[in-house]
Amino acid sequence: MTTTLLTGIGELVTNDPALGDGTALGVLSDAALVVDGDHIGWVGARSRAPAADTMQDLGGRTVLPGFVDSHAHLVFAGERSAEFAARMAGTAYDGGGIATTVAATRDASDDELRTLLAARIAEMRSQGTTTVEVKSGYGLTVSAEARALRLAREVTTETTYLGAHVVPPGTDRADYVALVAGEMLTECAPYARWIDVFCEPASAHAFDGDESRTVLLAGRAAGLGLRVHGNQLSYGPGVRLAVELGAASVDHCTYLNDDDVEALGAGGTVATLLPGVEFSTRSPYPDARRLIEAGATIALACDCNPGTCYSSSMPFVVALAVREMHMTIDEAIWSATMGGAKALQRSDIGGLGVGMRADLAVLDGPSRSYLAYRPGVPLTRAWDPTA
Ligand code: NIG
Ligand code: FE
């Protein structure tokens, strides 16, 4: 295995509290790091760095764990900029536009979808994301959902079956729930690690608490881990259902009452916040501080999709979390890295301690603060071992 010594790291965020300054972020200044094959072999002060096969001097830049974007809808064709423009002129989001993307996606060939997917993953890497979860949900037939997951599986192990995204227009609700929990699940499960449901009684298109429970229990019986789109558009049952069933994550959490916050504080389900969605739908931001005070684990993700947030930028999400949700810079960075890893129940990513995957992001600035201090400036990229 080739070893590479990265030196000249002005600031190194490891997310290992045993390293560096003793905070949750485990920050070291003037640091070095050895990459051994595909994992971290050594971390410490530049002055004590061991020899390695090759060396790269990062010239004082900041290194952090690659972003773990634990929520994305990347298998789709077409776009919905007209819907976005209408929303900015006052039209509310209700999930109805999903049908537009479903039609465009069904019409696309496998190779067209593959090309679009690869471009989106490359766009994410160029902004520092090294792991992304990818959902189905723009097919909504047995074959179209299975195809989406087969294509997603070509680019990530973190694949999520979201047949329960919306009830396709013109379809009987009960019949569709039975299909999602039956034949469609059987065809999709071989390509999926997770199952997800858009639990939103306030939307005529999405699923209520009972329907969501049916879908999630069927997914669990088929061996899939659970995720939930919950409480995005209204107060509702999604968050408590997710916690009750032991879902890995409940995502959005825009409208939370005291019971929801208490459940997230006490339970093992990660609260994944998606502030790019609130930005792009002009909605109120989730109350991150209330969740933090209750003891909840928070992940931050993009939710890249053509409807509610057509951004793949984790640095943008970090800046929004800091500016609009009052997370500290360190809280936001932790949630965008280790928080995402916890939402995906992964212990090999999200940090840069010895033995973890060598998934690094390099920030062209002297400190991690630059992620929020210089919003919209393309300073962060995934580390390329060959560069
Ligand atoms: O996470 N809420 C449901 N699904 C997506 C939006 C999908 C779309 O509008 O195309 C979300 O916001
Ligand atoms: Fe989503």
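The values are calculated or read from the model by the stated rules, or taken from the named source; none is laboratory data. Everything numeric in this text was worked out from a predicted model, so none of it was measured. Every residue, glycine among them, receives a Cβ derived from its backbone with ideal geometry; neighbour counts consider all protein chains shown. Please note that ligands, DNA and RNA were not included when accessible areas were found on the heavy atoms of the full protein model with its side chains. Shrake-Rupley method; radii C 1.70, N 1.55, O 1.52, S 1.80 Å.
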So the carbon and sulfur contribution to the accessible area of the chain, 1.4 Å probe, in percent, is 52
Rounded to whole angstrom, the alpha-carbon centroid of the range 189-220 lies from that of the range 87-108 at a distance of 19
Once both label points are put 7 Å beyond Cα along the C-beta direction, the Ala45-Glu262 separation in nm becomes 5.0
Per-residue ellipticity at 222 nm attributable to helices in the chain (runs of n ≥ 4 DSSP H, -39500 (n - 2.57) apiece, nearest 500 deg cm²/dmol) works out to -9500 deg cm²/dmol
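How compact is the range 1-99 by the rule of thumb for globular proteins, expressed as Cα Rg over 2.2 N^0.38 Å? Intermediate values should be presented prior to the final figure.
Numbers: Rg = 21.4 Å, N = 99, 2.2 N^0.38 = 12.6 Å.
Ratio of Rg to 2.2 N^0.38 Å for the range 1-99: 1.70.
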With DSSP loop assignment and no more than 15 other C-beta atoms within 10 Å, the GluC sites (Glu not before Pro) in the range 141-236 are Glu154
Checked the range 67-343 with the C-alpha gyration tensor, a ≥ b ≥ c its square-rooted eigenvalues, rounded below a/c of 1.5, otherwise prolate if a/b is larger than b/c and oblate if not; verdict rounded
Candidate span helices, the chain: DSSP H, at least 30 Å along axis from Cα coords, Kyte-Doolittle average at least 0.5, result none
